[in-house]
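Would you mind keeping the following structure in view while I ask a few things?
The values are calculated or read from the model by the stated rules, or taken from the named source; none is laboratory data. Computed from a predicted structure; not experimentally measured. Virtual Cβ from ideal backbone geometry, glycine too; neighbours counted across all protein chains shown. The area values use the complete protein model at the heavy-atom level, side chains included, leaving out ligands, DNA and RNA. Shrake-Rupley method; radii C 1.70, N 1.55, O 1.52, S 1.80 Å.
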Amino acid sequence: MAQGFERLVITGAKGMLGSSLVHSLKREEFEDSIFPFSKEELDITDGDSLKKVLNEIKPDVLVNCAAFTDVDACEEEYKRAFKINALGPRLLARFSNEINFKLIHISTDYIFDGKKKEPYKEDDIPCPINLYGRSKLEGERGVQNSKNYLIIRTAWLFGKGRNNFVRFIFEKLKTSGEIRVIKDQTGSPTYADDLAKAIIELIKRGVNGIINVVNDGYCSRLELARKVMGLMKTDAIIYEIPQEEMKRPAKRPTFTPLSLEKLKGLGINMRRWESAVESYVEELKKEA
């Protein structure tokens with residue numbers, strides 16, 4: 001296993017990160033070593049079918065990209081949120097020990113309350129303020145039952161194949177001369193393609209524990225929207241609004257940038273978020 005694995009299972013492989021990870025692995029000529037499953041093909045909350053599939057494949061590594069990520073919907077569908085985000089990872093941890101594979105799990109900045117004044121490090125104490133964050137934190141705790149795990153915390157994901165904040169801004173500015181954007185929420189934008197490449201590197205290096213992986217630097221939602229607007233060369237008007245004015249079911253933490261100190265200490269450097277957004281907007285322009 002010179003590259004860290006011979007058989008690698010990916011759950012949630014049709015999602016934004018999962019599809020980027022599959023694409024990156026194929027580009028590195030690992031196509032014959034990967035077993036990608038969509039959520040329809042493999043339900044991580046169904047212990048019997050999960051165990052059957054994993055026993056047949058006997059993976060060295062499993063990357064869990066399956067999650068219920070609709071933050072507002074989690075407030076209403078909290079049972080579903082905890083089933084997918086907490087029970088599923090707990091089952092994967094159990095089978096990780098039984099079948100002997102490394103479990104890599106994707107978590108979120110939303111496990112924090114956003115009250116810190118500087119980027120969150122891996123050993124900061126979680127304190128989620130919404131049900132999505134609580135369900136993801138329970139998922140982390142479940143994963144830690146595995147004897148061989150890596151929890152990757154990321155944030156503000158954008159990329160191909162589904163709706164995300166950057167795509168939303170891009171599409172809105174194409175059709176409207178004005179847009180409303182929250183001014184009081186700051187975090188770490190992350191391009192799914194860049195995250196996928198970092199995951200592969202972490203697998204190759206055999207890193208364990210908890211690690212933050214986001215694009216370098218951080219910004220507010222407003223700064224991110226202005227960046228997209230500048231790349232589109234539009235003269236649209238952006239209205240700055242406070243979070244409470246949106247009246248959404250789930251409260252969002254106001255400041256959750258993630259520190260890259262640990263990742264950089266491994267010699268793995270993520271490009272700046274501005275550069276990542278430029279790459280993604282170019283992809284969106286080609287689709288248009």
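Taking θ = phi - 60°, what integer Hz values does the Karplus form 6.51 cos²θ - 1.76 cosθ + 1.60 yield along the stretch 104-109, in sequence order, with x for Gly and Pro?
10, 10, 9, 10, 9, 5
Considering only DSSP beta bridges whose two residues both sit in the stretch 161-288, what percent are antiparallel, to the nearest 5? Each step should come with its number before you reach the end.
On the way: 2 of 9 bridges.
Beta bridges within the stretch 161-288, antiparallel portion: roughly 20 percent.
Tally Lys and Arg at +1 and Asp and Glu at -1 over the other residues with C-beta under 9 Å from the C-beta of Gly133: what net charge comes out?
Working: positive: Arg134, Lys136; negative: Asp109, Asp113.
Net local charge, Gly133 excluded: 0.
Let me ask something additional. Could you calculate the contour length gain from Arg272 to Ile57, that is, 0.36 nm times the residue separation minus the distance between their Cα atoms, to one decimal place in nm?
Numbers: separation 215, 0.36 × 215 = 77.40 nm, distance 3.76 nm.
Roughly 73.6 nm would be gained on extension.
Give the long-range amide H neighbours of Phe35: residues separated by 5 or more places, or on another chain, with amide H under 5 Å away, using H modelled in the peptide plane at 1.01 Å from N.
Here the answer is Leu8, Val9, Ile10, since their amide H atoms fall under 5 Å of that of Phe35.
Still on this structure, I have one more. Note down the net charge around Ala236, summing +1 for each Lys or Arg and -1 for each Asp or Glu among other residues with Cβ under 14 Å from its Cβ.
On the way: positive: Lys172, Lys174, Arg180, Arg226, Lys227, Lys233; negative: Glu171, Glu178, Asp235, Glu240.
Around Ala236, the surrounding residues sum to +2.
Let's test this: bin the Cα-Cα distances of the stretch 174-258 at 10 Å from zero up to the farthest pair and state each bin's percent.
15, 35, 31, 15, 5
Pairs of alpha-carbon atoms within less than 8 angstrom and 6+ residues apart define the contacts here; what relative contact order does the chain have, in percent? Walk me through the numbers before you get to the answer.
On the way: 567 pairs, mean separation 59.6, N = 288.
After rounding, I find 21 percent.
Please list the non-local residues whose amide H lies under 5 Å from the amide H of Tyr120, H modeled 1.01 Å from N, same-chain partners needing a gap of 5 or more.
Leu258, Ser259
Rounded to the nearest 500 deg cm²/dmol, what is the calculated helix-only ellipticity per residue at 222 nm for the chain, with -39500 (n - 2.57) per DSSP H run of length n ≥ 4?
Numbers: 11 runs with 116 residues, N = 288.
Rounded to the nearest 500, the figure is -12000 deg cm²/dmol.
Whole number in Å², please: accessible area per residue of the chain, 1.4 Å probe, ligands, DNA and RNA not counted. Show your work: numbers first, answer last.
Values: 13260 Å² over 288 residues.
Using a 1.4 Å probe on heavy atoms only, each residue of the chain averages 46 Å².
Right, here's the next one. Tell me which trypsin sites (Lys or Arg not before Pro) from the stretch 51-144 have a DSSP coil assignment and no more than 13 other beta carbons within 10 Å of their own. Let's see the in-between values first.
On the way: sites: Lys51, Lys52, Lys79, Arg80, Lys83, Arg90, Arg94, Lys102, Lys115, Lys116, Lys117, Lys121, Arg134, Lys136, Arg141; in loops: Lys115, Lys116, Lys117, Lys121.
Here the sparse-neighbourhood loop sites are Lys115, Lys117.
Tell me, what is the Rg over Rh of the stretch 1-128, with Rh the Kirkwood radius over Cα pairs?
Values: Rg = 15.8 Å, Rh = 15.8 Å.
Rg divided by Rh gives 1.00.
By its C-alpha gyration tensor, with a ≥ b ≥ c as the square roots of the eigenvalues, how is the stretch 18-62 shaped: rounded for a/c under 1.5, else prolate for a/b larger than b/c, else oblate?
Values: a/c = 3.26, a/b = 1.71, b/c = 1.91.
Cα axes put the stretch 18-62 in the oblate bin.
Using alpha carbon centroids, what distance separates the stretch 213-288 and the stretch 4-21, in Å?
Going from one Cα centre to the other spans 24 Å.
Label Ser49 and Glu245 with points 7 Å out from Cα along Cα→Cβ: what is the distance between them in nm?
Taking the simple label geometry, Ser49 and Glu245 are separated by 4.5 nm.
Counting pairwise Cα distances across the stretch 67-141, what percent come out greater than 20 angstrom?
Values: 978 of 2775 pairs.
For the stretch 67-141, the fraction of Cα-Cα distances above 20 Å is 35 percent.
How big is D, in µm² s⁻¹, for the chain by Stokes-Einstein at 10 °C and 1.306 mPa s if Rh is the Kirkwood radius over C-alpha pairs? Intermediate values should be presented prior to the final figure.
Working: Rh = 19.4 Å.
Diffusion coefficient, whole number: 82 µm²/s.
Ok, one more. Counting only residues 5 or more places away or on other chains, whose amide H sits under 5 Å from the amide H of Cys219 once H atoms are built in the peptide plane?
Distant-sequence amide H within range of Cys219: Gly187.
Also, I was wondering about something else. Determine, for each peptide in 147-153, 263-269, the mean count of other beta carbons within 10 angstrom over its residues, then list the peptides with the highest first. Working shown, then result.
On the way: 147-153: 20.6, 263-269: 13.1.
The peptides rank, most packed first, as 147-153, 263-269.
Under 13 Å from the Cβ of Tyr218, count the other residues' Cβ atoms, weight Lys and Arg +1, Asp and Glu -1, and hand me the total.
Numbers: positive: Lys116, Lys117, Arg221, Lys227, Arg272; negative: Asp109, Glu118, Asp216, Glu223, Glu274.
Summing Lys and Arg as +1 and Asp and Glu as -1 gives 0.
Taking a quarter of the surface of the Cα convex hull of the stretch 147-288, what do you get in nm²? If you can, show how the numbers build up before the last one.
Numbers: hull surface 38.6 nm².
That works out to 9.6 nm², a quarter of the Cα hull's surface.
Quick one: 3J(HN,Hα) in Hz for the stretch 153-159, Karplus 6.51/-1.76/1.60 with θ = phi - 60°, rounded, Gly and Pro as x.
3J(HN,Hα) across the stretch 153-159, in whole Hz: 8, 9, 7, 6, 5, 9, x.
Let me ask something additional. Taking every pair of Cα atoms in the stretch 232-288, average 1/r, invert it to obtain the Kirkwood radius, and report Rg/Rh to two decimals.
Working: Rg = 16.9 Å, Rh = 15.5 Å.
Answer for the stretch 232-288: 1.09.
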